[in-house]
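**Q** A single structure is presented below for examination.
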Amino acid sequence: MAKGYGGGMPGGMNMNNIMKQAQKMQKQMADMQESLAERTLEVTSGGGAVTVVIAGDKVIKELTIKPEVIDPDDVEMLQDLVMTAVNEAFRQMDEMVSKEMGKITGGVGMPGLF
């Protein structure tokens, strides 16, 4: 038998412990996803002219546009305000999800999970 290969892994880790840790992390991530789906984040643009409320699962729950910013002669401005608010909401939600994931993974990046 090769030196240091007696059923365990180098460094004193064994496969059962790794599997248990992976299962625990998987459960924590599922719980976090459920928790985040219940959270909302509110973002405004144009000094409050447009407000977007987004859920943790990146579903827009509410979009409010103040009537005074609706100018039929300047549709592009309204489009920009909406786009800015939505993009900022997604950016902030991604940041919140990353912070929550970091608590579970100990800061180790796990691309593709969220």
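The values are calculated or read from the model by the stated rules, or taken from the named source; none is laboratory data. What you are looking at is a predicted structure, and each value in this text was computed from that prediction instead of being measured. Ideal geometry is used to build each Cβ from the backbone, glycine not excepted, and the neighbour counts take in all protein chains shown. In case anyone asks, the SASA skips ligands and DNA or RNA and just uses the protein heavy atoms, side chains included. Shrake-Rupley method; radii C 1.70, N 1.55, O 1.52, S 1.80 Å.
**Q** Kindly evaluate residue 74 against the criterion of being open to solvent by 60 Å² or more (accessible area, probe 1.4 Å) and either touching a Cys at 6+ places or on another chain (Cβ under 8 Å) or not β-branched (Val, Ile, Thr) (or both).
**A** On the way: open to solvent by 60 Å² or more (accessible area, probe 1.4 Å): no; either touching a Cys at 6+ places or on another chain (Cβ under 8 Å) or not β-branched (Val, Ile, Thr) (or both): yes.
In short, no.
**Q** If I go through the range 19-55 residue by residue, how many of them are part of a strand (DSSP E or B) and within 18 Å of residue 95 (Cα to Cα)? Even if it seems obvious, please write down each step before you answer.
**A** So the first thing to find is which residues in the range 19-55 are part of a strand (DSSP E or B), and the list is 40-45, 50-55.
When the remaining residues are screened for being within 18 Å of residue 95 (Cα to Cα), the result is 40-44, 52-55.
The number of residues fulfilling the criteria is 9.
**Q** Looking only at the range 26-54, filter to residues that are polar (S, T, N, Q) and more than 21 Å from residue 103 (Cβ to Cβ); which one of those is most open to solvent (accessible area, probe 1.4 Å)?
**A** The selected residue is 44.
Residue-by-condition table, conditions (1) modelled with pLDDT under 90; (2) touching a Lys or Arg at 6+ places or on another chain (Cβ under 8 Å); (3) part of a helix (DSSP H, G or I); (4) not aromatic (Phe, Trp, Tyr):
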{"site": "57", "(1), (2), (3), (4)": "yes, no, no, yes"}
{"site": "62", "(1), (2), (3), (4)": "no, no, no, yes"}
{"site": "68", "(1), (2), (3), (4)": "no, no, yes, yes"}
{"site": "77", "(1), (2), (3), (4)": "no, no, yes, yes"}
{"site": "84", "(1), (2), (3), (4)": "no, no, yes, yes"}
{"site": "87", "(1), (2), (3), (4)": "no, no, yes, yes"}
{"site": "91", "(1), (2), (3), (4)": "no, no, yes, yes"}
{"site": "96", "(1), (2), (3), (4)": "yes, yes, yes, yes"}
{"site": "102", "(1), (2), (3), (4)": "yes, no, yes, yes"}
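**Q** Then there is this: Starting from residues that are within 14 Å of the chain's Cα centre (by Cα) and hydrophobic (A, V, I, L, M, F, W, C), keep the ones in the range 63-109 and report whichever is nearest to residue 23 (Cα to Cα).
**A** Across the range 63-109, the extreme among qualifying residues is 104.
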